[in-house]
Amino acid sequence: MTAILGISAFYHDSAAALVVDGRVVAAAQEERFTRVKHDHEFPKNAVEFCLRHAGIDPADIDAVGFYDKPLLKFERLLETYLATAPRGFASFAQAMPLWLKQKLFLPREIRKGLTGPKGRYKRRVVFVEHHESHAASAFFPSPFDEAAVVTLDGVGEWAAATIGKGEGNRVTLLKEQRFPHSLGLLYSAFTYFTGFRVNSGEYKLMGLAPYGEPRYEALIREKLIDLREDGSFRLNMDYFTFPHALRMTGRKFAELFGGPERSPEAPLTQREMDIAASIQRVTEEVMLRTARHALELTGSKNLCLAGGVALNCVGNGRILRESPFERIWVQPAAGDAGGALGVALFTWHQLLGNPRTASPHDSQEGSRLGPAFTPEEVESELTALGARFTRLESDEALVRAAADHLTGQRVVGWFQGRMEFGPRALGGRSILGDARSPKMQSEINLKTKFREGFRPFAPIVLEHRVREWFDLPKQHDSPYMLIVAPVAAQRRVPVDEGASGLDKLRVVRSSIPAVTHVDHSARVQTVDQRRDPLLFALLTEFEARTGCPVLINTSFNVRSEPIVCTPGDAYRCFMASRIDTLFVGRCVLRKEDQPDAAKLDIDAHLAKFIPD
Ligand SMILES: [Fe+2]
């Protein structure tokens, strides 16, 4: 047996992944265990989970891979500082302590974290380039024997984007675009400017885009970015402050957009919506051109994507519709957490030379690579928390009960099997609801997740029904919720468009309004029997009762908290929100049955999130 541990850490989204004899057996992000969102510390808990899952000790690991090359990154930091000195001193000084304490001494730090009953891990620690890790995470688990590989993110060591070719057990980078000319940082600059959090608010900016008109697109193309036909570009660095400041944009940038950035608590105005629409269009254009160029360079009809920008599922949808690629596969953990999985597979295939046989369905296992809990563990955790639950005798009974609650317009917490690897909940740690309900979108957003209500939820749909409900092109599936497609024309309803701004979301535009965005788009997840038999059965049952094979699927968490990991996390989140019914394995918990003492927590919790 050969066990390879992949680690990403010390930047954001620390994670661990374990590959045993070429198969990814476990992967998880540290934040789920520590409950600290985007936790960047050494992923002690994620490593422990991976090793426990495989029943091995740190001393038994054959190789450890780290997802980037810290010395090259350090060189970039120094060079950037010297090039902009003395302007960048504040950010330089802020970054230094962590480098001097941990990042420059990574083998030591990693070995320190890998100690078990049999002693400390003593073998090699391999460092792979950041974009090689992303590219490996995109290609090796993909269903393709050969493919073009595109990575797009903020920045690794120097590269911010690469084009490569995957073939058999190798992935080779052919071309790169370097810092500071980065699509990820450009998008993040606009995320910052529109008042969202960099490295997590990018989704919000993308969700806001359909409300606006791209009236700044020409300005961005003229002043900020010199975009070439092959998707490469140069940013006009007069307008950006990210290489040397703690903020992303400065005075000149603000002048261009008619005033300073939105402060996070200020209301969203038409300007932010138009800016969002504009930068989204530019981003899609870069993604499309890069994809087309990747096809020219590699001659492949298959495309693999990873890096944070690959989470831009609107852009992915356009690549699928408008580029000549026949099939695309996006690594579900496209951000830096996925680098852990990438470096482990890179070590197995590329460094150790082991052959690879692509599985026709991919080798990501539905991305259900995290912890699962036995019925005994579930019941003892719930009992310890004073939860009141009933136990169902079979999966059939579970599916029927869940369908009862969903058709009864209750919000359902759905905790089943292994936790997902990647930022999306795919049916392991999900909140489900009736997508036909016009009220469900705001119900779940405001009362359950305590967040801005301007984004619709993602739909899950039976894979063999998807084309009756969504225009997913080229006979493609979307098992990882990473492709946006329009709601099918026959499901739309005529709209009396009097609404403006965020009120547009309240207008019913289709027979599944809770998952239909204001431009009729939807972030689709297709569900098949092989990847998730239980969720497949639930959608089948729901369709038998209602004629609709679609449900809302949103992640099981409340605003600003990581997705739940354990049954205990699920119970606490259930009690602190307005989820009506919780299914943990075959245990059913109705909110009205729970002890009053626990219910009191709801008010305290709500007060924290919703000031009156
Ligand atoms: Fe990255």
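The values are calculated or read from the model by the stated rules, or taken from the named source; none is laboratory data. No experiment lies behind these values; they were computed from the predicted model shown. Quick reminder, even Gly has a Cβ in these numbers, built from the backbone with ideal geometry, and neighbours come from all protein chains shown. Protein only, heavy atoms only, side chains kept; ligands, DNA and RNA dropped before computing areas. Shrake-Rupley method; radii C 1.70, N 1.55, O 1.52, S 1.80 Å.
Helices in the chain that qualify as membrane-span-like (whole DSSP H runs, Cα extent of at least 24 Å along the helix axis, mean Kyte-Doolittle hydropathy of -0.5 or higher) are 270-298. For the set K73/K165; K37/K69; K69/K112; K204/K252; K44/K591; K37/K591, the pairs lying more than 30 angstrom apart at their alpha carbons are K44/K591. Solvent-accessible area assigned to carbon and sulfur over the chain amounts to 52 percent, based on a 1.4 Å probe.
For the range 277-294, backbone nitrogen atoms closer than 18 Å to the point 7 Å from S500 Cα along Cα-to-C-beta are found at 277. Among the aspartates and glutamates, which fall within straight-line cross-link reach of K301, defined as a Cα-Cα distance under 14 Å, with same-chain neighbours fewer than 8 residues apart omitted? By straight Cα distance, K301 reaches D145, E146, E167, E322, E326. The modelled label-to-label distance between M1 and E468, using points 7 Å beyond Cα along the C-beta direction, is 4.5 nm.
How many nm separate the modelled label positions at R221 and R35, each set 7 Å beyond the Cα in the direction of the Cβ? Here the answer is 4.9 nm between the modelled labels.
Ordering 304-316, 496-508, 146-158, 71-83 by mean Cβ neighbour count within 10 Å, with the highest value first, yields 304-316, 146-158, 71-83, 496-508. You can think of it this way: the chain between L71 and A90 has 4.7 nm of extra reach, that is 0.36 nm per residue less the Cα-Cα gap. Over all pairs of different C-alpha atoms, the range 1-63 has a mean inverse distance whose reciprocal, the Kirkwood radius, equals 11.5 Å.
Taking the Cα centre of the chain as reference, the dipole from Cβ charges on Lys and Arg (+1) and Asp and Glu (-1) amounts to some 720 debye.
The range 403-457 and the range 274-349 have Cα centres lying 27 Å from one another. Taking the helices alone, the chain has a mean residue ellipticity at 222 nm of -9500 deg cm²/dmol, built from -39,500 (n - 2.57) per DSSP H run of at least 4 residues and averaged over all its residues. A dipole drawn for the chain from +1 and -1 charges on Cβ atoms has a positive end, and of W99, V309, P423 the residue lying farthest that way is W99.
Panel values: the range 178-329, Kirkwood radius from alpha carbon pairs, Stokes-Einstein at 25 °C and 0.890 mPa s, translational diffusion coefficient 155 µm²/s. Only aspartates and glutamates eight or more places from K122 in sequence, or on another chain, were considered; those with a Cα closer than 18 Å are E48, D57, D60, D62, E109. Per residue, the accessible area of the chain comes to 39 Å², computed with a 1.4 Å probe over protein heavy atoms only. Expressed as a whole percent, the proportion of Cα-Cα pairs in the chain lying more than 49 Å apart is 7%. FRET efficiency for the R228 to E326 pair, using the beta carbon distance and R₀ = 25 Å, is estimated at 0.50. Under the convention that each Lys and Arg Cβ holds +1 and each Asp and Glu Cβ holds -1, the size of the dipole of the range 395-490 around its Cα centre is about 320 debye. Roughly what % of DSSP beta bridges within the chain run antiparallel, to the nearest 5? Percent antiparallel among DSSP bridges in the chain is about 70. The protection proxy used here, the mean number of other Cβ atoms lying within 10 Å of each residue, ranks peptides 360-369, 344-353 as follows, highest first: 344-353, 360-369.
Note on Q529/E296: beta-carbon distance plugged into 1/(1 + (r/R0)^6) with R0 of 45 Å gives a FRET efficiency of 0.75.
Applying 1/(1 + (r/R0)^6) with R0 = 22 Å to the Cβ-Cβ distance of L100 and L246 gives a FRET efficiency near 0.70. Centroid-to-centroid, using Cα positions, the range 48-86 and the range 493-546 are 41 Å apart. The amide H of F470, built 1.01 Å from its N in the peptide plane, has A488 as neighbours under 5 Å, considering only residues 5 or more places off or on other chains. Percent of C-alpha pairs per 10 Å bin in the range 434-551, short distances first: 14, 45, 33, 7, 0.
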